[in-house]
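Down below is the structure, laid out as C-alpha cells.
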Amino acid sequence: MPQIVLHVDMDSFYTAVEKRERPELKDKPVIIIEGPQHNLERGAVAACSYEARRFGVRSGMAASAAHRLCPDGVYLKPNHMLYEEVSRRIMDILRNYADIIEEASIDEAYLDITSSTPDYTTAEKTAREIKRVIKRKEDLTCSIGVAPNKTIAKIASDYQKPDGLTVVTSEEATKFLEPLPVDKIPGVGRKTTEELNSLSVKTIGDLARASKAVLVQRFGKNGAWMWDAANGVDETPVQEVEKKSIGRLRTLDEDTKDLEKILKALEPMIDEVHTQAQDEGFLYQNIGVTVIFEDYQTRSKSKTLREHTSSKQAIEETAPHLVRAFESDPRKIHRIGIKVANLKQKQQQYGETPLDKFL
Ligand SMILES: [Mg+2]
C-alpha cells in the first residue's frame with residue numbers, strides 16, 4: 001500500500017526557543033555554543049539563528065570562527081532541559097495526527113499518516129493544521145514535507161524553510177527531485193558529493209539516470225540505496241524510537257534561592273515524570289536536576305542509582321540532594337527541571353507474554 005509520510009522539522013529550533021523566552025533577542029543573530037563552561041572560544045556552534053546564518057555562521061563551526069564572522073552576535077550556552085521540554089510538548093501535539101511517529105531528533109519527526117489519510121489534499125490539510133497548532137500553542141514555526149516516503153518528505157521539509165510546507169505526491173516525486181543537487185539527499189555527505197560530482201553526477205536526476213551497477217561497484221550498499229532514493233524509492237518504515245529520558249522543566253513563580261520553595265515547585269513535576277514513566281512502562285536508573293539561574297546560565301547535576309527502579313521515592317529522595325548542590329551559588333534560580341534517564345522497558349510479566357512466543 002502506498003504510504004503518506006510527513007516530515008516535520010522545527011525552524012532553527014534552539015534559537016527560536018531562546019527568542020521566544022527572551023523577546024529582547026528577536027531579530028538578533030543568536031548563536032548557541034556547546035563547549036567548556038568558562039571558555040566559549042573553545043566550543044563549537046550547536047545552533048544559530050537565521051540572522052546569524054546571514055553572516056556565514058553555521059552549525060558545527062568553531063566558536064572562534066563564528067565570533068570572527070559575527071562579532072556582535074548574542075552568544076549563549078544551550079538550555080538543553082528547556083529544549084527537551086518544548087520538544088516533548090511538540091511531539092505530544094504531533095502524536096495526535098500520526099498512526100506512527102518517529103522522533104528523529106529533538107526537533108524533527110516523521111509521521112506515517114497513511115491509514116487516516118485518503119489522499120494528498122487531506123494530508124496537506126493535516127500539515128497546515130499541525131503548523132497552526134504548533135504556532136498557537138508554542139509560538140514556534142516549523143517546516144513540513146508531505147511525500148510518499150521518508151527521504152522525499154525530508155527533502156521536501158527543507159525545500160521552503162522556514163515556515164514552509166511542500167507537498168510532493170508520488171506522481172510528482174521524480175520531477176521534484178530531478179533538478180536538486182545530490183547533497184539534498186539526506187545521508188549524502190560532502191565526500192560522497194565530491195565523488196559523485198567527479199563522475200559528472202551533479203543533480204539527483206543525474207544520479208537517477210546513472211547505472212545502479214556502477215554505483216554499487218563504487219559505493220557498495222550505499223550506492224544502491226542512493227540510486228533508489230534518486231528514483232523516488234525508499235521503503236524504510238516510519239518507526240517509533242526508544243526514549244532516552246523523561247523530564248519536566250518549569251519557571252518558578254519568582255526567582256529565588258529559597259530551597260523550600262524550590263523543592264515545593266519540584267513536587268508536581270516529580271509526580272508527572274513518575275506517572276509518565278509508569279504509563280510508558282519505563283524503569284530509570286539516573287535522576288537529574290537542571291537549574292537555570294536568573295542570568296540564564298544553566299547547570300545540571302545527576303545521580304546514577306545502583307539499579308533500575310520505578311520508585312517515586314527514589315526521585316523524591318534524590319532531588320533535594322541534587323538541588324542542594326547549587327546552594328553555594330549566589331545567583332537566584334529562575335527555572336528548575338527534573339528528569340529520569342537511563343531508561344529501560346519494564347520486563348513483561350508472564351501473563352502479558354505475547355501468545356506467539358509459545359507457538
Ligand atoms: Mg530543525
Original post:
Quick one: putting +1 on the C-beta of Lys and Arg, -1 on the C-beta of Asp and Glu, what dipole do you get for region 245-345 around its Cα centre, in Debye to the nearest 20?
Top reply: 340
**OP:** Over the chain, calculate the relative contact order: mean separation of alpha carbon pairs under 8 Å at least 6 apart, over the residue count, as a percent.
**Re:** 14
Original post:
In units of 2.2 N^0.38 Å, what is the alpha-carbon radius of gyration of region 15-79?
Top reply: 0.98
Original post:
Any idea how far apart K137 and Q297 come out in nm if each label point goes 7 Å out from Cα toward Cβ?
Top reply: 3.5
Original post:
Once you have the alpha carbon radius of gyration of region 173-230, what is it after dividing by 2.2 N^0.38 Å, with N set to its residue count?
Top reply: 0.96
**OP:** Using the Cα centre as the reference, give the magnitude of the dipole from point charges on the C-beta atoms of the chain (Lys, Arg: +1; Asp, Glu: -1; all else neutral), rounded to the nearest 20 debye.
**Re:** 800
**OP:** Report, in deg cm²/dmol and to the nearest 500, the calculated mean residue ellipticity at 222 nm for the chain, where each DSSP H run with n ≥ 4 adds -39500 (n - 2.57) and the sum is divided by the residue count.
**Re:** -11500 deg cm²/dmol
**OP:** Specify which residue in the list F55, H7, T126 is farthest towards the positive end of the charge dipole of the chain, using unit charges on the beta carbon of Lys, Arg (+1) and Asp, Glu (-1), about the Cα centre.
**Re:** F55
Subject >> Reciprocal of mean inverse Cα separation for the chain (Kirkwood radius, Å) >> reply: 22.9
**OP:** Return a whole-number percent for the relative contact order of region 115-206, with Cα pairs under 8 Å and 6 or more residues apart as the contact set.
**Re:** 20
Original post:
Once the other residues with Cβ under 10 Å from the Cβ of P162 are scored (Lys, Arg +1; Asp, Glu -1), what is the net sum?
Top reply: -2
Original post:
So what J values fall out for region 182-191 if you push phi through Karplus, 6.51 cos²θ - 1.76 cosθ + 1.60 with θ = phi - 60°, rounded to Hz, Gly and Pro as x?
Top reply: 4, 6, 6, 6, x, x, 8, x, 5, 5
**OP:** Quick one: which residues, 5+ away or cross-chain, put their amide H under 5 Å from the amide H of L140? H built at 1.01 Å from N.
**Re:** K135
**OP:** Return the subset of K19/K150; K28/K243; K154/K212; K135/K257; K154/K264 for which the Cα-Cα distance in this structure is over 32 Å, preserving the input order.
**Re:** K28/K243; K135/K257; K154/K264
Original post:
For a label point 7 angstrom out from the Cα of L259 toward its Cβ, which stretches of region 308-331 have the backbone nitrogen within less than 15 Å?
Top reply: 317-330
**OP:** In debye, nearest 20, what is the charge dipole magnitude of region 204-269 about its Cα centre with +1 on Lys and Arg Cβ and -1 on Asp and Glu Cβ, if you could check?
**Re:** 400
Original post:
Arranged from highest to lowest average of other beta-carbon atoms within 10 Å per residue, in what order do the peptides 240-249, 215-224, 98-107 appear?
Top reply: 98-107, 240-249, 215-224
Original post:
Sequence-distant or interchain residues sharing an amide H contact under 5 Å with K332, placed H: which?
Top reply: E294
**OP:** Grab every C-alpha pair in region 245-345, bin the distances at 5 angstrom width from 0 up to the longest one, and report whole percents.
**Re:** 3, 14, 28, 24, 15, 10, 5, 1
**OP:** Calculate how many DSSP beta bridges within region 81-230 are antiparallel, expressed in % of all such bridges and rounded to the nearest 5.
**Re:** 65
Original post:
Between region 276-335 and region 88-155, what is the C-alpha centre distance in whole Å?
Top reply: 32
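No value in this document is a laboratory result; all are computed from the given coordinates. Small disclaimer: the values here were computed from a predicted structure and weren't measured. Here Cβ is always computed from backbone atoms with ideal geometry, including for glycine, and neighbour counts include all displayed protein chains.
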